[in-house]
1. Looking only at the range 19-42, count how many residues are in a helix (DSSP H, G or I) and either over 19 Å from the mean Cα position of the chain (by Cα) or over 20 Å from residue 115 (Cβ atoms) (or both).
2. Restricting attention to the range 37-67, report how many residues are under 22 Å from residue 17 (Cα atoms) and in contact (Cβ under 8 Å) with a residue 40 or more places away in the chain.
3. I'd like the full set of residues that are surrounded by 17 or more Cβ atoms within 10 Å (Cβ to Cβ) and either within 16 Å of the ligand (Cβ to nearest atom) or assigned to a loop (DSSP other than H, G, I, E, B) (or both), limited to the range 60-79.
4. In the set 45, 81, which member is within 30 Å of residue 140 (Cα to Cα) and out of contact with any strand residue (DSSP E or B) (no Cβ under 9 Å at 6 or more places or on another chain)?
5. Condition test on residue 118, is it at pLDDT 95 or above, buried (at least 20 other Cβ atoms within 10 Å of the Cβ), within 15 Å of the ligand (Cβ to nearest atom) and within 15 Å of the chain's Cα centre (by Cα)?
6. If you scan the range 173-186, which residues turn out to be outside any loop (DSSP other than H, G, I, E, B) and more than 13 Å from residue 158 (Cβ to Cβ)?
7. Going by the structure shown, is residue 203 touching a helix residue (DSSP H, G or I) at 6+ places or on another chain (Cβ under 8 Å), in contact (Cβ under 8 Å) with a residue 12 or more places away in the chain and either away from the ligand (no atom under 12 Å from the Cβ) or over 24 Å from residue 25 (Cα atoms) (or both)?
8. Would you check if residue 166 is away from the ligand (no atom under 13 Å from the Cβ) and within 18 Å of residue 107 (Cα to Cα)?
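The values are calculated or read from the model by the stated rules, or taken from the named source; none is laboratory data. Remember, predicted model here, so these are calculated numbers, not experimental data. Quick reminder, even Gly has a Cβ in these numbers, built from the backbone with ideal geometry, and neighbours come from all protein chains shown.
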Ligand SMILES: CC(C)(COP(=O)(O)OP(=O)(O)OC[C@H]1O[C@@H](n2cnc3c(N)ncnc32)[C@H](O)[C@@H]1OP(=O)(O)O)[C@@H](O)C(=O)NCCC(=O)NCCS
């Protein structure tokens with residue numbers, strides 16, 4: 001199962017980081033899909049542009065795995081929608097985990113997660129589907145992270161923090177222990193959150 005070929009969705013900055021990790025993990029990448037590039041052209045010096053997103057449908061869901069290379073954004077739902085659309089069509093999204101991430105064996109990690117270099121995940125943490133744990137972020141013991149959450153580079157979640165679906169934590173943010181952030185809220189880059197945050201709010205200190 002681990003050796004199914006991969007289609008990478010998107011070819012921007014986030015996709016380039018995932019591409020590097022897939023190479024480190026010796027995964028076979030069939031190519032990328034990107035509606036704004038010419039079919040047959042090349043990205044990252046070697047990957048073929050297979051076509052636009054719908055090109056995925058030319059491949060049977062059981063023959064390939066997908067990687068969502070669209071960058072997490074506070075403004076666009078494109079990444080979320082692509083994950084939901086192709087998952088509902090039966091495609092599976094492989095998890096992309098950098099070999100230099102440090103992950104306790106006592107964690108539960110769902111499908112389609114993307115864990116970048118230098119991430120540390122401690123005992124008892126749960127990471128939901130399609131989450132991105134960006135470079136060097138720290139997820140302390142017993143944190144519960146729901147689906148489609150983004151943790152920015154260098155952010156720190158202290159012990160037993162819980163994050164609902166679609167939460168976005170900016171780069172270098174700090175969330176102290178036992179805090180709960182509700183669905184679709186944003187914590188700005190560099191901010192320190194010391195109180196619970198309700199749904200669909202932006203915290204900038
Ligand atoms: C919080 C955030 C989403 C707000 O973006 P926005 O809605 O476009 O808001 P604006 O840039 O218009 O800023 C609104 C106000 O909040 C302030 N603000 C924005 N981000 C802030 C932050 N991180 N810390 C402190 N204040 C912040 C602005 O200075 C502005 O203040 P003003 O009204 O007094 O002028 C954004 O600034 C941010 O921090 N994004 C995370 C970026 C990141 O971590 N990227 C990682 C990529 S891997």
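1. First pass over the range 19-42, keeping only residues in a helix (DSSP H, G or I): 19-24.
Then keep just the ones that are either over 19 Å from the mean Cα position of the chain (by Cα) or over 20 Å from residue 115 (Cβ atoms) (or both); that gives none.
Total meeting the criteria: 0.
2. 7
3. Here is the first cut: in the range 60-79, the ones surrounded by 17 or more Cβ atoms within 10 Å (Cβ to Cβ) are 64-72, 79.
Matches in the range 60-79: 64, 68, 69, 70, 71, 72, 79.
4. Working: 45 fails: within 30 Å of residue 140 (Cα to Cα).
Only one candidate qualifies: 81.
5. Details: at pLDDT 95 or above: yes; buried (at least 20 other Cβ atoms within 10 Å of the Cβ): no; within 15 Å of the ligand (Cβ to nearest atom): yes; within 15 Å of the chain's Cα centre (by Cα): yes.
Criteria not met by residue 118.
6. As a first pass, look at the range 173-186 and keep what is outside any loop (DSSP other than H, G, I, E, B): 174-175, 180-181, 186.
Result: 186, single match.
7. Numbers: touching a helix residue (DSSP H, G or I) at 6+ places or on another chain (Cβ under 8 Å): no; in contact (Cβ under 8 Å) with a residue 12 or more places away in the chain: yes; either away from the ligand (no atom under 12 Å from the Cβ) or over 24 Å from residue 25 (Cα atoms) (or both): yes.
Considered against the rule, which asks whether it is touching a helix residue (DSSP H, G or I) at 6+ places or on another chain (Cβ under 8 Å), in contact (Cβ under 8 Å) with a residue 12 or more places away in the chain and either away from the ligand (no atom under 12 Å from the Cβ) or over 24 Å from residue 25 (Cα atoms) (or both), residue 203 comes out as no.
8. Working: away from the ligand (no atom under 13 Å from the Cβ): yes; within 18 Å of residue 107 (Cα to Cα): no.
For residue 166, the condition - away from the ligand (no atom under 13 Å from the Cβ) and within 18 Å of residue 107 (Cα to Cα) - is not met.
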